[in-house]
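S.K.: There's a structure below that I have some questions on.
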Amino acid sequence: MAEVKLIFFFFFFSPITLHLTILTLLSSIILSASLRVLPISTPSTKNYNIFDTSLYGKLQLNNGLAQTPQMGWNSWNFFACNINETLIKETADALVDIGLAKLGYTYVNIDDCWSALSRSSKGELVPDPKNFPSGIKALADYIHGKGLKLGIYSDAGVFTCEVRPGSLYHENADASLFASWGVDYLKYDNCFNLGIEPQERYPPMREALNDTGRRIFYSLCEWGVNDPALWAGKVGNSWRTTEDINDSWASMTTIADLNDKWAAYAGPGGWNDPDMLEVGNGGMTYQEYRAHFSIWALMKAPLLVGCDVRNMTAETFELLSNEEVIAVNQDHLGVQGRKVSVEGPGKCNQVWAGPLSGKRLVVALWNRCPETVIITAKWEALGLESRSSVSVRDLWKHEDIPGNAVSKFSVEVESHDCKMYIFTPFTVTHSLI
Ligand SMILES: *[C@@H]1O[C@H](CO)[C@@H](O)[C@H](O)[C@H]1NC(C)=O
Ligand SMILES: *[C@@H]1O[C@H](CO)[C@@H](O)[C@H](O)[C@H]1NC(C)=O
Ligand SMILES: *[C@@H]1O[C@H](CO)[C@@H](O)[C@H](O)[C@H]1NC(C)=O
Ligand SMILES: *[C@@H]1O[C@H](CO)[C@@H](O)[C@H](O)[C@H]1NC(C)=O
């Protein structure tokens, strides 16, 4: 075949053109050999686990949702029970008006306390007549009208945590009601559960939601008590891995470390949920919130804003609206990043990393201590070959670092802060040039 082509070339091209053509061909062959991109999916050390997704997706819920982690807002962290339909509408307005909706924050999720204290005489859940006088259907219509989605809350027990009626043994009726209202998302809590195992209490609601025929995101919230990563992939679209977050550095770091353990179980369709964001609620510093948001994005956690979006500071908005960090969270490869190295006295110097689409890596350098430190990401810890060269993009400064990094990358990180980068590896084999 090659001979035939050559004859063909001789026939049509002058010797000079042919000469150039062969040169071009040769150089492209050499180039493609020399610019060989290292297969970063092959870990360089034996028991290296950064790319391990072997435990993910054995039994998928498969309702078509959660191809990337859910994004939006939830009422609990800031408002707790002080909610009403005006607040929910104003929040939806604000998400659109300030531009968070177009960045992906589309679920508007009402947490506990939307319901009246008891069911109707027909046994139906009833929206609290004082705080939700127009009902949930009207609210869903309003929110859909803004291009957003409505989430609601119930409990796999006899009461919710704030002692409203729970959905245990009412799964079908409640799921039908939610679907008839146009609900798009259900957070399903774990209070007053009669001591029945979550593996028994959560699947009936999955079936009930499925039977409605409406696609409803199913968010399990059994607080990580029965290691849901081990079984919840076939039940829900996300599962809480820990107890509730609170607006403190101690809580946020504890939860990040606990959620890390389950990285290999997360993937498109089902995500580990280390709980909603506290960014903007005042209990942590700017640096701590930046770390919180960076690590949640890297861990493929749901990005559910938990502050009052109608009244955010410029700093809070800057953190939550970082499109480059959001893109890490929403990357279609869908592999949860994890803690890959811990160094220094007090285990201060932490490197968290994970693979992204396009053979890229996200790398976060996180200072867990009160003093400024220099943190080094070594290629070995990232599963990169030591001589491979990477270009580095700083996701918080929004700039490329000049020059390429080889074998390691070091940077100074302030107390409790987190720097975040995308590494794009490439390697030129010098012997071929
Ligand atoms: C609705 O809730 C918000 C937030 O708690 C509160 O500021 C507002 O006063 C409430 N409005 C009504 C009408 O209850
Ligand atoms: C119901 O479950 C089936 C089987 O997993 C799935 O194919 C379908 O998409 C689900 N439907 C809804 C509405 O969730
Ligand atoms: C917040 O969480 C931390 C860590 O789990 C815990 O020690 C602390 O008591 C919690 N604070 C509140 C106010 O619940
Ligand atoms: C807005 O937030 C600030 C703190 O950032 C607070 O002092 C103020 O009371 C808030 N305003 C409203 C209307 O909630």
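The values are calculated or read from the model by the stated rules, or taken from the named source; none is laboratory data. Fair warning: this is a prediction, and the values are worked out from it, not measured in the lab. Ideal geometry is used to build each Cβ from the backbone, glycine not excepted, and the neighbour counts take in all protein chains shown. For accessibility, only protein heavy atoms count, side chains too; no ligands or nucleic acids. Shrake-Rupley method; radii C 1.70, N 1.55, O 1.52, S 1.80 Å.
S.K.: Share of the range 338-425's accessible area from carbon and sulfur, percent, 1.4 Å? Intermediate results must be reported in sequence, preceding the final value.
M.R.: Details: 1820 of 3720 Å².
Ligands and nucleic acids excluded, carbon and sulfur give 49 percent.
S.K.: Let me ask something else. Just name one of Ala156, His170, Ile136: the one whose Cα is farthest towards the positive end of the charge dipole of the range 136-182 (beta-carbon charges, Lys/Arg +1, Asp/Glu -1).
M.R.: It is Ile136, whose Cα lies furthest towards the positive end.
S.K.: Compute the signed sum of charges (Lys and Arg +1, Asp and Glu -1) over the other residues within less than 10 Å, Cβ to Cβ, of Ser176. Working shown, then result.
M.R.: Working: positive: Arg214; negative: Glu124, Glu171, Asp174, Asp211.
Net local charge, Ser176 excluded: -3.
S.K.: Distance check, please: which entries in Lys300/Lys419; Lys339/Lys408; Lys89/Lys149; Lys234/Lys339; Lys102/Lys149 exceed 20 angstrom between their Cα atoms?
M.R.: On the way: Lys300/Lys419 17 Å; Lys339/Lys408 17 Å; Lys89/Lys149 12 Å; Lys234/Lys339 26 Å; Lys102/Lys149 13 Å.
Beyond 20 Å between Cα atoms: Lys234/Lys339.
S.K.: Which value, in debye to the nearest 20, gives the size of the charge dipole of the range 338-425 about its Cα centre, when Lys and Arg are +1 and Asp and Glu are -1 at the Cβ? Don't jump to the answer; show the numbers that get you there.
M.R.: On the way: 12 positive and 10 negative charges, 75 e Å.
So the magnitude is around 360 debye.
S.K.: Shifting gears a bit: In the range 182-288, what percentage of the DSSP-assigned beta bridges are antiparallel, given to the nearest 5? Please report the intermediate quantities before stating the final value.
M.R.: Numbers: 1 of 10 bridges.
Restricted to the range 182-288, the bridges split so that about 10 percent are antiparallel.
S.K.: Sort the following peptides by mean Cβ neighbour count (other Cβ atoms within 10 Å, averaged over residues), highest first: 179-187, 399-407. Can you show the working numbers first?
M.R.: Working: 179-187: 21.7, 399-407: 13.1.
Put in order of decreasing packing, that is 179-187, 399-407.
S.K.: Listed highest first by mean packing, meaning other Cβ atoms within 10 Å per residue, what order do 74-84, 101-111 come in?
M.R.: Ranked from most to least packed, the peptides come out as 101-111, 74-84.
S.K.: Where the only charges are on Cβ atoms (+1 Lys, Arg; -1 Asp, Glu), what is the dipole of the range 188-258 about its Cα centre, to the nearest 20 debye? Please report the intermediate quantities before stating the final value.
M.R.: On the way: 6 positive and 11 negative charges, 80 e Å.
In debye, rounded to 20, the range 188-258 gives about 380.
S.K.: While we're on this one: If one computes the Cα centroid of the range 356-433 and of the range 112-165, what distance in Å separates the two points?
M.R.: Measuring centre to centre over Cα atoms gives 47 Å.
S.K.: Answer rounded, prolate or oblate for the range 338-425, using the Cα gyration tensor with square roots of eigenvalues a ≥ b ≥ c: rounded when a/c is under 1.5, else prolate when a/b is larger than b/c, else oblate.
M.R.: prolate
S.K.: Another one. Could you give the size of the charge dipole of the range 71-330 about its Cα centre, using +1 on the Cβ of each K and R and -1 on the Cβ of each D and E, expressed in debye and rounded to the nearest 20?
M.R.: Working: 20 positive and 35 negative charges, 151 e Å.
The calculated dipole for the range 71-330 is roughly 720 debye.
S.K.: State the extension gain, in nm to one decimal, for the chain segment bounded by Asp257 and Glu412, taking 0.36 nm per residue of separation less the distance between their alpha-carbons.
M.R.: On the way: separation 155, 0.36 × 155 = 55.80 nm, distance 2.22 nm.
Extra length available between Asp257 and Glu412 comes to 53.6 nm.
S.K.: Indicate the gyration tensor shape class of the range 180-237 (rounded, prolate or oblate), computed on the Cα atoms with a ≥ b ≥ c the square roots of the eigenvalues: a/c under 1.5 is rounded; otherwise a/b larger than b/c is prolate and the rest oblate. Could the numbers behind the result be given before it?
M.R.: Values: a/c = 2.00, a/b = 1.71, b/c = 1.17.
It comes out prolate by the Cα gyration axes.
S.K.: Rounded, prolate or oblate: which fits the range 62-198, taking a ≥ b ≥ c as square roots of the Cα gyration tensor eigenvalues, rounded meaning a/c under 1.5, else prolate when a/b beats b/c? Walk me through the numbers before you get to the answer.
M.R.: Values: a/c = 1.75, a/b = 1.42, b/c = 1.23.
Judged from the Cα gyration tensor, the range 62-198 comes out prolate (a/c at least 1.5, a/b above b/c).
S.K.: Convex hull over the Cα atoms of the range 71-330, averaged projected area in nm²? Each step should come with its number before you reach the end.
M.R.: Numbers: hull surface 50.0 nm².
That works out to 12.5 nm², a quarter of the Cα hull's surface.
S.K.: Can you tally the net charge around Lys137? Count Lys and Arg as +1, Asp and Glu as -1, for every other residue whose Cβ sits under 15 Å from the Cβ of Lys137.
M.R.: Working: positive: Lys89, Lys149, Arg214; negative: Glu85, Glu124, Asp128, Asp141, Asp174, Asp184.
Within the 15 Å Cβ shell, the charges total -3.
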